[in-house]
1. Out of curiosity, is LEU156 at pLDDT 95 or above, more than 21 Å from ALA5 (Cβ to Cβ) and of a type in the set (A, V, I, L, M)?
2. Only residues that are surrounded by fewer than 16 Cβ atoms within 10 Å (Cβ to Cβ) and either closer than 17 Å to LEU285 by Cα or modelled with pLDDT of 95 or more (or both): list them for the stretch 371-386, please.
3. Any residue in the stretch 94-101 that is closer than 20 Å to ILE10 by Cα, modelled with pLDDT of 95 or more and surrounded by fewer than 22 Cβ atoms within 10 Å (Cβ to Cβ)?
4. Please work out which residue is surrounded by the fewest Cβ atoms within 10 Å (Cβ to Cβ), limiting yourself to the stretch 305-342 and to residues that are free of Cβ contacts under 8 Å to residues at least 40 places away in the same chain and within 7 Å of ALA283 (Cα to Cα).
5. Answer with yes or no whether LEU293 is part of a helix (DSSP H, G or I), buried (at least 16 other Cβ atoms within 10 Å of the Cβ) and either at negative phi or not assigned by TED's automatic domain parsing to the domain that holds VAL354 (or both).
6. Take the residues in the stretch 35-64 that are of a type in the set (D, E, K, R) and surrounded by 16 or more Cβ atoms within 10 Å (Cβ to Cβ), then tell me which one is nearest to ARG186 (Cα to Cα).
7. Could you check LEU20 against (1) of a type outside the set (Val, Ile, Thr); (2) farther than 27 Å from ILE185 by Cβ; (3) outside any helix (DSSP H, G or I); (4) touching a helix residue (DSSP H, G or I) at 6+ places or on another chain (Cβ under 8 Å) and say which number it fails?
Amino acid sequence: MKLSAEVISIGDEMTSGARLDTNSQWLSQRLGELGVEVRFQTTVGDMLRDNIDVFNIAIERVDLVICTGGLGPTQDDLTREALAEVSDEPLEFRQQAMDHIESLFSSRKRPMPERNRVQAMFPKSSQIIPNPQGTAPGIDLFIDRGSHARCRVFALPGVPAEMQLMFKETVSHQIAAMSGGGSVIRHHVMKFFGIGESDMEQRLGDMISRDRQPRVGITVSAATISLRITAMTESAERCTAQIAQTKTEILNRVGELYFGDGENYEQYHVIDSMLRARGESLALLELGFAAPLGDWFAALGETPAFRGGLSLAAMPNVSLEEIQSRMRSDWLLVVNAYPAIADDLVGHVPASEVEFILVAPNGKQHAHRITIGGHPDILQPRIGKTAMAWFRGVVAGLRTA
């Protein structure tokens, strides 16, 4: 069964533009992976009448509504009152929810304000969506709409980390069961670099069809492409098998651009693992107006594979071999140079000629000159990621400089 959905974001901070609505983006992506067609996104402020109107409109035009925000304890948190009005049900106290809220305050050694009791109030026929991390349980509510089938509403807190965990652990499985896709859902993320989104789409062909199972979704972040495989079946074993088969098909089409798996896995993780396995280390020299590589490798924490990085405006008056020796590294990777991103470049797609230099453990130097273009917001990260891809290829012996 193909479900339609509306995602509603609630809060004055959203309608005023004071805060970016990342929740709706995230939810729409996850719903798409579940085969749900998101037909509307709506943002509404903290006015009870407006909330009621928005919910009344939504339940008449879609099968499924997911809202975020308005479940806190303050007077402007009105989601539960709006849903009680729309469903024509009274709010009732749930001791189970109250026990959880009290235990959270107790674990934090803080007294619970009396106002937090309102977070244990639910429309009479609704179910509680557990919130392991916070004091705002979610609401799972079916609302009758006359001659139509009932609309299901999931109300989740606005805190992104809490909302995402609740969706993954509870809501996604309920939606999968509604759509007949099976009760078990598994995701697998593959990472790629060195191709644009449209080219990736073209090479994957029918693999990204909206009707395909498992579904394959594409997202791009700072020139890195993620392919998210979502399997929905009756068992975890079947999900695993479908994901493995789909991954093999993807690698057959774009395997040369693949570098690893995982939502947060990046090329610097690959390099760290590669150098650890070889018992070798890397130092960085980044010239110009940025130093993303140093930031990324430093984020790894303490690792024998990374000796540190230098960020300088221009090439120093010492040899690269001397820098390599002083930093006690086996490899020295030089990026020359990151361009300045001037204000007048905004709105244009600049390109910059960049040289990569790699000093090997034996002192031999490899060099590669390339012109790299991109939107000003991603040009410098793209240069750094291109340098990592080149480094991996040279060190692994997959290509020569």
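1. Numbers: at pLDDT 95 or above: yes; more than 21 Å from ALA5 (Cβ to Cβ): no; of a type in the set (A, V, I, L, M): yes.
Taking the combined requirement at face value, the residue does not satisfy it.
2. THR371
3. As a first pass, look at the stretch 94-101 and keep what is closer than 20 Å to ILE10 by Cα: none.
There is no residue in the stretch 94-101 that is closer than 20 Å to ILE10 by Cα, modelled with pLDDT of 95 or more and surrounded by fewer than 22 Cβ atoms within 10 Å (Cβ to Cβ).
4. Step one: of the stretch 305-342, the residues free of Cβ contacts under 8 Å to residues at least 40 places away in the same chain are 305-319, 322, 325-326, 342.
This time we only want the ones that are within 7 Å of ALA283 (Cα to Cα), so: 306-309.
Values: PHE306: 23, ARG307: 19, GLY308: 14, GLY309: 20.
Top of the filtered list is GLY308.
5. Numbers: part of a helix (DSSP H, G or I): yes; buried (at least 16 other Cβ atoms within 10 Å of the Cβ): yes; either at negative phi or not assigned by TED's automatic domain parsing to the domain that holds VAL354 (or both): yes.
It is true that LEU293 is part of a helix (DSSP H, G or I), buried (at least 16 other Cβ atoms within 10 Å of the Cβ) and either at negative phi or not assigned by TED's automatic domain parsing to the domain that holds VAL354 (or both).
6. Taking the stretch 35-64 first, the residues of a type in the set (D, E, K, R) are 37, 39, 46, 49-50, 53, 60-61, 63.
Those still in the list that are surrounded by 16 or more Cβ atoms within 10 Å (Cβ to Cβ) too: 46, 63.
On the way: ASP46: 36, ASP63: 23 Å.
If we take residues in the stretch 35-64 being of a type in the set (D, E, K, R) and surrounded by 16 or more Cβ atoms within 10 Å (Cβ to Cβ), then ASP63 is nearest to ARG186 (Cα to Cα).
7. (4)
One line per residue, one yes/no per condition, for (1) modelled with pLDDT under 95; (2) farther than 19 Å from PHE306 by Cβ; (3) outside any strand (DSSP E or B); (4) not polar (S, T, N, Q):
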{"residue": "VAL354", "(1), (2), (3), (4)": "no, yes, no, yes"}
{"residue": "ILE357", "(1), (2), (3), (4)": "no, no, no, yes"}
{"residue": "HIS366", "(1), (2), (3), (4)": "no, yes, no, yes"}
{"residue": "ARG369", "(1), (2), (3), (4)": "no, yes, no, yes"}
{"residue": "ALA389", "(1), (2), (3), (4)": "no, no, yes, yes"}
{"residue": "THR400", "(1), (2), (3), (4)": "yes, yes, yes, no"}
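The values are calculated or read from the model by the stated rules, or taken from the named source; none is laboratory data. Just so it is clear, the model here is predicted, and its values are computed rather than measured. Virtual Cβ from ideal backbone geometry, glycine too; neighbours counted across all protein chains shown.
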